[in-house]
């Protein structure tokens, strides 16, 4: 099973023009919430124990432990390595903390400006359609230095605060085939870091000239410390390969549409968990087009071992914000490539309002 690179590339923040060892017109802390904390508090412990992000909340387990469906999800999304979603989000918070430090060393003009709305429409929705919307509010934009990758890669960060919430978008593009992938991470969290929501989109590079292999993988995750609720959805249209190959087909390394909801004691999952055509678990004879039947699973959060389905009776209804991601929904037609085209417009920051560069210092 090929792992998919959901993690962002290594980056370093450009040095601020501040006199060594001395603050210069320093600003107050920005007060941004942390996306990672609500997720850490609510993600099922059995999944979290595979992450490298300090999440060993349960004894480390063999990745094959627990139900086959949740073990597969853990292996692809919550395990140490380039696919480690939780470690990615922790790294996002670390980059924002570094920007906050720069602001305190030399106050930035954008921090005092009014946040501007970036409104997205046509997003995957809870019914399996593409009618969802989301608004993000930004004050600042910063281009990062990407290390150890080709010069064709860029990473831009947008962030801001409005009405008690912090917003973030990290958009990374790669104009050549190969790693790292083209990726977007979008987040919203309250200033107290009690509830966070994250969209993550992974795309085949635009350099892939074969339109049939321009694939998109989408993920949405919600964590609410106050209600101890964790929900996620993941799905895609095909393999994201470094080099085009004849074997690439309409399959996803993250399954063909999965939704998960968890309480502190039980985790419920529904969808097509396995790569189509793999013969693994619930892959059916029509697996080439992700048409195998949905499967449900109820398990203990601590060890992912199956338990009686009645234990998950209160977890079978998902929140209105949780999309029902699936192959057909994201694939669209050969002409519109719904998930890919939308993801590409997001990564390219289409309709992004004009923002002040984080490098611009405030007037003294």
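Quick note: the coordinates plus some simple rules give every number you see, no bench work behind them. Model, not experiment: these values are computed from the prediction. Positions of Cβ are backbone-derived with ideal geometry, glycine not excepted, and every protein chain shown enters the neighbour counts.
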Segment 25-55 residues near the modelled residue 134 label - backbone nitrogen below 15 Å, point 7 Å along Cα→Cβ:
35-36, 39
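Report the FRET efficiency, 1/(1 + (r/R0)^6), for residue 25 and residue 121, where r is their Cβ-Cβ distance and R0 is 41 Å, rounded to 0.05.
That gives a FRET efficiency of 0.55.
How long is the gain from residue 114 to residue 191 if the chain were fully straight, where each residue apart is worth 0.36 nm and the alpha carbon distance is subtracted? Display every interim value, and only then the final one.
On the way: separation 77, 0.36 × 77 = 27.72 nm, distance 1.67 nm.
That works out to 26.1 nm of additional length.
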Distance (nanometres) between label positions extended 7 Å along Cα→Cβ at residue 362 and residue 320
3.8 nm
Using the beta-carbon distance between residue 296 and residue 154 and R0 = 45 Å, what value does 1/(1 + (r/R0)^6) give for FRET efficiency, to the nearest 0.05?
0.60
Take peptides 154-163, 313-322 and line them up by average Cβ neighbours within 10 Å, highest first, as a rough protection proxy.
154-163, 313-322
The FRET efficiency for residue 345 and residue 163, from their Cβ-Cβ distance with R0 = 41 Å and rounded to 0.05, is 0.95
